[in-house]
Amino acid sequence: MCTKRSPIKQLHLLGLMAAFCLGIASHSYGQENADIGQLRNKYQGFSAIIQQNHEDITIDFAPKKGIVVESKEFESRLVLTDNAGTWSSAKKYLSAISQLKRLEAYTLVEQDGKIKKYEVEDFQKTSETDDDVYYSDLIAYNYNYKSVAKGASLITESEVTIADPFMPLVFTFANYLPVQHASYSIKCHQDIDIQFRLYGLDTAKVKSTISHKGKYKIYEWSATDMISYNEDEYAPDYLYFVPHVVVQVAGYTRKGVYTKVVGSVNDLYANNYGYIAKLPKDIPPTVQSFTDSLTHNCNSVYSKVKRIFEFVQIGIKYVAIEDGDNGVVPRDPEMVLKRRFGDCKDKSCLLVYMIRAAGGNASFAWLGTRSLPYQYNDLASALVDNHMVAVWWSEPKTPSILDATTHKHSFTHTPAQIQGKECLIALDSTNYFLYKIPLDPPETNAITDSLWVQWADGKINGKGKRVCVGENRARLLTLFSNADSLKYHLILENTLPVVHNKLKISSVHVSNLNNVDSTFVVDYQFSIPDYYIRKGNEDYLNLNVLRYLSGYKLKTDRKVPVSNDYKHLYKSVIILDMPDSKYAITDMPGTTEFGGPNFGFTQTYNTHTNQVVLTTQLKLDFFLLEGNAISNFVEMLNVLQKTYLKTIIIRK
């Protein structure tokens, strides 16, 4: 799978904005910073704020160059506290299609009643590789501000030329720090058509105008007093919630002739298809002979395609080498087969050719992973795509999505990171099929934990079994496959939902470690000392040894959406063995449940012959929670935490 971009990098590799949004004009420094005490009171908990973030874009014709995009940025951050060192270092990102014309960074500090300017003199240029599919040949300019202290303004100014109108432009109106004012303007030649769309939360706070000045259209967006959008471990990717605008050049008229750029899905497909049009029309002989050898004892197309998929999945190492056209153009299948490595485009290319060599019907397909909030029909642009897969047509109108970039997903299991996303499947040079990848129900990604428990002398011990399918199987398989067997107990201690820090795991045995098609099973022994309380002839025992989601902490007024990596079920069955008839249960909790359309849980206690059985079942049937659903989810978590505190009383 193509790994997730950092949100700020993602914007830069489109040639848009600096890694840090900074900004205040030097002429207003004294006036703005005189009230730093008031700003500290207003923005409690923040050591800096973004006072101004401005970008001015010009889209125009250039002689002998076609369309050229010019960007001027002015950004500044005000340091509010003595913890100033946090903000001394910064980066400016550019992609290969961007040309940096000017970069200036400096600090404004008040000293002896005067404003002094300390300029950055050293910018270190480095190359940074991102594992994403497209446009990841990043160039970074690293630098450090001088004399950073409370009350200082850290300012960057830059001018950038973008020579490729195909690339979309993006501007964010908010950040992980509060933003006092953000503005974005586009001065566009009247013969150039652009399309745009706002995404994220609080887009109503973004004001926009369109005006005319001579032969130019002026598009302006602005926002004030934007809150901080903090990303945490439960949040989706930044672009899901930060308010931002995406702008795409749709086409232009030159000398009476209209030229399309990207104004529709058809235009985007035509561009994407150009990346695969130069691949071999026929199957290379080496690919054909290797496929024949690999599948010689397979007696059906299904078994052939399955074996091909497993070879490409494991036999072709995933390596992203994204520079220039290599970021978008799949390499020749013969080269990929020979070198035994490649990225998602290369793996998909080899899959397509080998499936065709085996007599199957296969296609290329582009899509955006769930790290991106965009859909093709929202606003067609290169920003929608960040991944490539192969498609096997097991039936004429039934596409099977094959993503060979993961190692532990089975042939029939589509990785969760692309489920629910639109897939642009190539049929021929002009025709495509827009297909929405189905969502797996929670049952396909289940975890079942079972414990058989004895208690004595203040401790509990026994045996456990963990059974995983789907995404949970793939993730646990990855952990165990990459570890020495002597470390298996540490993996369980870190992944079992046990809150007691004295848990000890021993005698771990795994089943189906090398078979991604089978259920993954882990058997083990465990013990927890000092676990229950004895008062007189009564033992107070909390059977909730396993507490799934116990560490899940959310605020009721949370604004940022809640993300769930994949829909899944969790079930735990804890069986307490009673030693003999001298012991009796004198108090046992009843059933607790919390139901909802997208999440819920049930916990029940039952007694059998010499046993107490605690069964807990949780359902998380969502990828993303927003709005009122978040407060309902928080309510469920609160009820669940209280349920986990319940105990049984055993009297001798």
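The values are calculated or read from the model by the stated rules, or taken from the named source; none is laboratory data. Because the structure is a prediction, the values reported are computed rather than measured. With ideal geometry, Cβ positions are generated from the backbone for all residues, glycine too; neighbour counts draw on all protein chains shown. Side chains included, ligands, DNA and RNA excluded: accessible areas come from the protein's heavy atoms. Shrake-Rupley method; radii C 1.70, N 1.55, O 1.52, S 1.80 Å.
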Original post:
How much net charge surrounds Gln603 when only other residues with a Cβ under 14 Å from its Cβ are counted (Lys, Arg +1; Asp, Glu -1)?
Top reply: +3
Original post:
In whole angstrom, and with the biggest value first, how far do the Cα coordinates of the chain range along each principal axis?
Top reply: 95, 76, 41
Subject >> the chain, helix-only ellipticity at 222 nm - DSSP H runs n ≥ 4, -39,500 (n - 2.57), divided by all residues, nearest 500 >> reply: -5000 deg cm²/dmol
Original post:
How would you order 297-306, 163-172 from highest to lowest mean count of nearby Cβ atoms within 10 Å?
Top reply: 163-172, 297-306
Original post:
With a sphere of radius 15 Å drawn around the Cβ of Gly85, what net charge do the other residues whose Cβ falls strictly inside it have (Lys, Arg +1; Asp, Glu -1)?
Top reply: +2
Original post:
In degrees from 0 to 90, rounded to the nearest 10, what is the angle of the helix 265-276 Cα long axis to the longest principal axis of the chain?
Top reply: 80 degrees
Original post:
For Asp292 and Leu490 in the same chain, what is the full-extension length gain: residue separation times 0.36 nm, less their Cα-Cα distance, in nm?
Top reply: 66.9 nm
Subject >> Rounded percent of accessible protein surface that carbon and sulfur make up, the chain, 1.4 Å probe >> reply: 48 percent
Subject >> the range 616-652 versus the range 49-114: alpha-carbon centroid distance in Å >> reply: 46 Å
Subject >> Residue pairs, from the table Lys207/Lys559; Lys304/Lys436; Lys72/Lys555, whose Cα atoms sit over 32 Å apart >> reply: Lys72/Lys555
Subject >> Cross-link partners of Lys114 among lysines (Cα-Cα below 20 Å; sequence separation of 8 or more within a chain) >> reply: Lys146, Lys150
**OP:** Subtracting the Cα-Cα distance from 0.36 nm times the residue separation, let me have the gained length for Tyr302 to Leu624 in nm, one decimal.
**Re:** 112.5 nm
**OP:** Return the subset of Lys42/Lys205; Lys317/Lys397; Lys92/Lys317; Lys397/Lys619 for which the Cα-Cα distance in this structure is over 24 Å, preserving the input order.
**Re:** Lys317/Lys397; Lys92/Lys317; Lys397/Lys619
Original post:
In degrees, nearest 10, range 0 to 90: what is the angle between the Cα axis of helix 285-294 and the longest Cα principal axis of the chain?
Top reply: 10 degrees
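Give the calculated FRET efficiency between Ala62 and Thr203 to the nearest 0.05, with a Förster radius of 30 Å applied to their Cβ-Cβ distance.
That pair, Ala62 with Thr203, gives E of 0.40.
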**OP:** Tell me the trypsin sites (Lys or Arg not before Pro) within the range 332-410 that lie in a loop according to DSSP and have at most 14 other beta-carbon atoms within 10 Å.
**Re:** Arg340, Lys397
**OP:** Report the charge-dipole magnitude of the range 227-276 in Debye, nearest 20, computed about the Cα centre from +1 at each Lys and Arg Cβ and -1 at each Asp and Glu Cβ.
**Re:** 700 debye
Original post:
What nm distance separates the two modelled labels at Glu443 and Ser511, each placed 7 Å from Cα along Cα→Cβ?
Top reply: 2.2 nm
Subject >> Rounded to 5, the percent of DSSP beta bridges in the chain classed as antiparallel >> reply: 90 percent
Original post:
Hey, what's the chain come to in accessible area per residue, 1.4 Å probe, Å²?
Top reply: 43 Å²
Original post:
Which distance in Å, rounded to a whole number, links the C-alpha centroids of the range 345-375 and the range 204-256?
Top reply: 32 Å
Original post:
In the neighborhood of Glu121, defined by Cβ-to-Cβ distances under 13 Å, what is the net charge if each Lys or Arg adds +1 and each Asp or Glu adds -1?
Top reply: -1
